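Participant: Sending over a structure as structure tokens; questions will come in a sec.
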Amino acid sequence: LKKFGDKCNNVKIGIMGGTFDPIHYAHLATAEFIRDNYKLDKILFIPSGNPPHKKGNITNKNDRYNMVLLSTINNDDFIVSDIEIKREKSTYTIDTLKDLKQKYKNIEIYFITGSDAICDIETWKDVEGNFKLANFIAATRPGISLLKANEKIKDLKDKYDANIESVYVPSLDISSTYIREQLNKHKTIRYLVPELVQEYIYNKKLYSSGE
Ligand code: ATP
Ligand code: MG
């Protein structure tokens with residue numbers, strides 16, 4: 001973002017937030033598809049530091065961050081932010097949005113989520129604040145009822161005057177959970193994650209993987 005200088009006037013930034021444990025091709029394809037369709041200037045990937053909502057063990061945040069870096073290295077429109085990785089306490093989207101808005105006064109934010117995440121959004125800290133600071137784009141996700149998601153979106157618009165659009169994204173039925181399960185069973189994850197991520201996982205023996 002620094003490249004835009006202090007002005008950052010009317011720059012449209014897509015944010016792809018997630019635990020990315022690990023990042024996979026559905027994250028990348030969704031971000032790219034939305035960048036193109038909404039003519040966004042950049043997509044900022046923000047791996048969450050200490051997500052309060054994720055249960056169970058999550059992978060060390062530096063490893064998750066490194067895998068996001070490796071995945072985005074060959075796309076000039078993708079940038080990775082360590083804003084949440086650097087935070088010591090629980091990380092909340094609202095704090096990140098406030099920080100970004102303060103630092104880059106005139107950016108317009110498009111927060112990208114899958115339709116599962118939009119359905120859960122009322123559990124996020126300061127729902128209303130989130131909607132004030134960003135537009136939301138809910139990408140279709142296999143396994144999540146579009147009808148249900150659209151009902152929820154209508155509900156959120158009425159309740160919070162939220163700016164949310166539901167967008168069809170070519171489906172990829174991949175989740176980080178599925179990848180972790182495959183690794184746990186010593187099964188293949190090839191073509192589900194970028195090659196560099198696969199190598200990183202094997203080298204660092206993440207997710208009790210073994211080739
Ligand atoms: P986990 O299974 O651990 O929850 P995940 O695959 O859902 O992992 P997250 O890091 O939880 O990945 O998700 C980050 C964002 O990416 C969320 O907004 C989520 O809805 C979205 N997302 C993840 N997978 C897909 C997919 N296959 N299609 C569309 N959106 C997705
Ligand atoms: Mg998830």
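Listed here are the residues, each with its yes/no results for (1) open to solvent by less than 30 Å² (accessible area, probe 1.4 Å); (2) acidic (D, E); (3) modelled with pLDDT of 95 or more.
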| position | (1), (2), (3) |
| --- | --- |
| D158 | no, yes, yes |
| E165 | no, yes, yes |
| E181 | no, yes, yes |
| P194 | yes, no, yes |
| N203 | no, no, yes |
| L206 | yes, no, yes |
| S209 | yes, no, no |
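Participant: Further question: Name the single residue that is nearest to N10 (Cα to Cα) among those in region 61-88 being hydrophobic (A, V, I, L, M, F, W, C) and open to solvent by less than 40 Å² (accessible area, probe 1.4 Å).
Facilitator: Filtering first and then ranking leaves F78.
Participant: Report every pair of residues separated by at least 6 positions or lying on different chains whose Cβ atoms are under 7 Å apart, first residue within region 44-57 and small (G, A, S), second outside any loop (DSSP other than H, G, I, E, B).
Facilitator: Filtered contacts from region 44-57: S48/G17; S48/G18; G49/K61.
Participant: So, in region 63-97, how many residues would count as being away from ligand 2 (no atom under 16 Å from the Cβ) and outside any loop (DSSP other than H, G, I, E, B)?
Facilitator: Summing the residues that are away from ligand 2 (no atom under 16 Å from the Cβ) and outside any loop (DSSP other than H, G, I, E, B) in region 63-97 gives 14.
Participant: β-branched (V, I, T), under 13 Å from the mean Cα position of the chain (by Cα), open to solvent by less than 20 Å² (accessible area, probe 1.4 Å) and closer than 21 Å to I164 by Cβ: is that true of I112 in this structure?
Facilitator: Yes; evaluated as a whole, the condition is true for this residue.
Participant: Within region 167-179, can you find the residues that are surrounded by fewer than 17 Cβ atoms within 10 Å (Cβ to Cβ) and either of a type in the set (D, E, K, R) or touching a residue at least 60 places away in the same chain (Cβ under 8 Å) (or both)?
Facilitator: Of everything in region 167-179, those that are surrounded by fewer than 17 Cβ atoms within 10 Å (Cβ to Cβ) and either of a type in the set (D, E, K, R) or touching a residue at least 60 places away in the same chain (Cβ under 8 Å) (or both) turn out to be V167, P170, L172, D173.
Participant: Does region 10-27 hold any residues that are more than 6 Å from ligand 1 (Cβ to nearest atom), of a type outside the set (S, T, Y) and under 18 Å from Y202 (Cα atoms), and which are they? Don't jump to the end; show me each part of the working.
Facilitator: Applying the first criterion (more than 6 Å from ligand 1 (Cβ to nearest atom)) to region 10-27 yields 10-17, 22-25.
Subsequent filtering for residues that are of a type outside the set (S, T, Y) retains 10-17, 22-24.
Within region 10-27, P22, I23, H24 qualify.
Participant: Sticking with this one: I'm trying to understand the selection: among the residues of region 119-147, which are of a type in the set (V, I, T) and either open to solvent by 10 Å² or more (accessible area, probe 1.4 Å) or at pLDDT below 95 (or both)?
Facilitator: If the condition is that a residue be of a type in the set (V, I, T) and either open to solvent by 10 Å² or more (accessible area, probe 1.4 Å) or at pLDDT below 95 (or both), then T123, V127, T140, I144 are the ones that fit.
Participant: Report whether or not I79 is within 14 Å of ligand 1 (Cβ to nearest atom), over 23 Å from P170 (Cβ atoms) and of a type in the set (A, V, I, L, M, F, W, C).
Facilitator: On the way: within 14 Å of ligand 1 (Cβ to nearest atom): no; over 23 Å from P170 (Cβ atoms): yes; of a type in the set (A, V, I, L, M, F, W, C): yes.
For I79, the condition - within 14 Å of ligand 1 (Cβ to nearest atom), over 23 Å from P170 (Cβ atoms) and of a type in the set (A, V, I, L, M, F, W, C) - is not met.
Participant: Restricting attention to region 183-192, which residues are open to solvent by 30 Å² or more (accessible area, probe 1.4 Å) and on the phi < 0 side of the Ramachandran plot?
Facilitator: Our first condition is that a residue be open to solvent by 30 Å² or more (accessible area, probe 1.4 Å); within region 183-192, this holds for 184-188, 190-192.
Those that are open to solvent by 30 Å² or more (accessible area, probe 1.4 Å) and on the phi < 0 side of the Ramachandran plot: N184, K185, K187, T188, R190, L192.
Participant: Still on this structure, please answer the following. Would you check which residues across region 18-60 are open to solvent by less than 50 Å² (accessible area, probe 1.4 Å) and assigned to a helix (DSSP H, G or I) and list them?
Facilitator: A26, H27, L28, A29, T30, A31, I34, R35
The values are calculated or read from the model by the stated rules, or taken from the named source; none is laboratory data. Everything numeric here is computed off the predicted structure, so don't read it as measured data. Backbone-built Cβ (ideal geometry, glycine too); neighbour counts: all protein chains shown. These accessible areas exclude ligands, DNA and RNA; they are computed on the full protein's heavy atoms, side chains included. Shrake-Rupley method; radii C 1.70, N 1.55, O 1.52, S 1.80 Å.
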